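The values are calculated or read from the model by the stated rules, or taken from the named source; none is laboratory data. All figures in this text were calculated on a predicted structure; none of them were measured in a lab. Here the Cβ positions follow ideal geometry from the backbone for every residue, glycine too, while neighbour counts run over all protein chains shown. The protein model used for the area step is the full one, side chains on, heavy atoms only, and it has no ligands, DNA or RNA in it. Shrake-Rupley method; radii C 1.70, N 1.55, O 1.52, S 1.80 Å.
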Amino acid sequence: MARLASEGAGWLSGARRFFLGALLSLSVVASDAAAAGEQGPAGIIGINRVNLAWLTPGEQRRILTDIAASGATHVRLSLSAPVDKSIDAVEIAYRLGLKILLEIQLSNPDYYADDVRPRTGHGRIWDIRRLSDIDPRIYGEKLRAALARMDAAGVALAAVEPGNEINYSAYNGDLIVLEKPGAATARHVSDIRNRQAFALGMAAYVDIVALTRQALKATVHSRRALVVSAGLSDMGAGEADRRGMERLDPQEVIALLKERGLDRHVDAYGIHVYPGQKTGVRLTEYVSDLLAFCGDGVVGKPCWVTEWGVANAARACPLDDRKRADAVAAIRSAFDDLMSAGRLDAAFYYDWDTHAGYGVWRCGRLSPAGADAIAPKERNRAAKGR
C-alpha cells in the first residue's frame, strides 16, 4: 500500500507538472497575443492622440487617463521629437492598460544627415525633408534605442506604423508643394514632378519597414508587435489642386510598394478615411471604393484604418453632436462589415481632443458620436440591432 501510495503520489506529481506546464504554455501564448494586440474576429477599435511629446507629464497623464476611463482599449500614439517625451507618454498609456499602435514620424530630423535640407512648403505648409534622403543606418540606430527604453520599462507594443501619409506632400518631401495653388497636380506617378526622387523614396521606405520589423523582433516584449505600413492620405485630386500639393491615390502607392517587396515586411496596409460632407449611399460607397485594395489575409494583406474622422465645427456646450452621428454610424457599419470579411483589422478614430472639428473629447466629456466611434464592434452591432 505504501508503494502504491508513493507511486500514486508520483503520478499525481507528474500529472500536476504536466498540467501546470500546459497552463504556462497557454499563458505565454495569451501574453504574446495580447502583446500583439490580437482581438480575434471582432477587430480593433481605437482612438488617436498623437504629439503628446509637446505636453508636460501632467498633461500627458490627464489626457491618457481620460482616454482609458472612456472605455477605449487601443490608442495610436506618435514617436516624434522630442523622442524621450514621446516615450514617456507611451509608458503612461501602457501602465493605464491601453494597447498601443505606435506611429513613427519619419519627418523627425534625427533620421537624416545633418546636411540634409527640407523641401519648401512656400509658407503654406511646413517645410519637410525628402523621404529619399532618409538615412536607414541612422533610423535603425535611433529606433533600436527607443525600443530598448520601452522594453526596459516592460512596454509591449501592439503594433508599429512607420511613417504617415507618405503619398502626400505634407509628409513626403519628394512630392512638391506648388508655389501657387490652383494648377493641376499629379494624377498618377508618371505625372510627379520629381519622379526619380519619389521612386527612390518608395524604395527607401520599404527598407525602413524592414528595419522596423528587425528591430521589433530583437526586443523582449514587442517582438510580436504587428507592422502596419504608413497610413495613406485619401485626399482627392481636386482638393490637392486647390491646395497646390502633390499626392497619389492610395491604391497606386500600395501597388508601387508591393513591387518593391513591402508584403514581406508588413502585416497590414495603413489607410486614412476622411469622407468630408458625404452622406447616405455616397458615404458607404466612398468607404467601400477607398478600401477596395484591402485583402483578406489569404489574397493580399488586410487594412488598418489608422485615422478616420467626421467633423463637427460646433463649439457651444453642451455639444450638439447629432449632425455627425449618422455619418459615424454609417462608417462604423461599413468598417464592421469589412472586419467580418477579414479585410479590415483595425480602425482608429481621429482624434481625441486636439482638433476642435474632429475631436470627440468636448465640453469635458466624450461626445455621443465619439462614444459610438470607439465602441467595440459587438456593442456597435447590438446598438444597431435595437
Residue set ARG195, ARG243; condition open to solvent by 60 Å² or more (accessible area, probe 1.4 Å), in contact (Cβ under 8 Å) with a residue 60 or more places away in the chain and over 21 Å from the mean Cα position of the chain (by Cα); output residue ARG243
Picked from region 207-240 (must be part of a helix (DSSP H, G or I) and among the polar types (S, T, N, Q)), the residue nearest to the chain's Cα centre (by Cα) is THR212
Inspect region 26-49 for any residue being at pLDDT below 90, part of a loop (DSSP other than H, G, I, E, B) and open to solvent by 80 Å² or more (accessible area, probe 1.4 Å) and give the result as yes or no.
yes
For region 117-154 the number of residues that are farther than 30 Å from LEU96 by Cα and either surrounded by fewer than 15 Cβ atoms within 10 Å (Cβ to Cβ) or not hydrophobic (A, V, I, L, M, F, W, C) (or both) is 18
Across (1) without any contact (Cβ under 8 Å) to a residue 40 or more places away in the chain; (2) basic (Lys, Arg); (3) in a loop (DSSP other than H, G, I, E, B), ARG137 clears everything bar (3)
Listed by first then second residue, the pairs whose first member lies in region 265-277 and is farther than 21 Å from ALA373 by Cβ, whose partner is assigned to a strand (DSSP E or B), with beta carbons under 6 Å and at least 6 positions apart or on separate chains, are VAL266/VAL227; ASP267/LEU226; ASP267/VAL227; TYR269/CYS303
Conditions (1) part of a helix (DSSP H, G or I); (2) within 25 Å of ASP351 (Cβ to Cβ); (3) not aromatic (Phe, Trp, Tyr) -> ALA204 fails only (2)
Those residues of region 159-192 that are assigned to a loop (DSSP other than H, G, I, E, B), more than 25 Å from the chain's Cα centre (by Cα) and either acidic (Asp, Glu) or under 14 Å from LEU143 (Cβ atoms) (or both) come to a total of 1
Can you find even one residue in region 202-220 that is on the phi > 0 side of the Ramachandran plot, at pLDDT 95 or above and open to solvent by less than 10 Å² (accessible area, probe 1.4 Å)? no
Query raised in the report: Is it true that LEU291 is modelled with pLDDT of 95 or more, open to solvent by less than 60 Å² (accessible area, probe 1.4 Å) and farther than 20 Å from ALA373 by Cβ?
Result: no
The lone condition CYS303 fails out of (1) closer than 20 Å to ASP234 by Cα; (2) of a type outside the set (S, T, N, Q); (3) touching a residue at least 60 places away in the same chain (Cβ under 8 Å); (4) crowded, with 22+ Cβ neighbours inside 10 Å is (3)
Among ASP88, ASP114, the single one that is assigned to a loop (DSSP other than H, G, I, E, B), of a type outside the set (A, V, I, L, M) and on the phi < 0 side of the Ramachandran plot is ASP114
Exactly one of ALA329, ALA356 is touching a residue at least 24 places away in the same chain (Cβ under 8 Å) and part of a loop (DSSP other than H, G, I, E, B), and that residue is ALA356
With criteria (1) over 24 Å from ASP337 (Cβ atoms); (2) loosely packed, with under 15 Cβ neighbours inside 10 Å; (3) free of Cβ contacts under 8 Å to residues at least 40 places away in the same chain, GLY261 comes up short on (3)
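To keep it simple, each residue is scored yes or no on (1) open to solvent by less than 40 Å² (accessible area, probe 1.4 Å); (2) modelled with pLDDT of 95 or more; (3) hydroxyl-bearing (Ser, Thr, Tyr); (4) under 20 Å from ILE67 (Cα atoms).
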residue	(1), (2), (3), (4)
ALA313	no, no, no, no
PRO318	no, no, no, yes
ASP321	yes, no, no, yes
ALA330	yes, yes, no, no
ARG343	no, yes, no, no
TYR349	yes, yes, yes, yes
| said: Within region 58-81, does at least one residue satisfy the condition of being in a loop (DSSP other than H, G, I, E, B), open to solvent by less than 10 Å² (accessible area, probe 1.4 Å) and in contact with a Ser or Thr (Cβ under 7 Å, 6 or more places away or on another chain)? | reply: yes
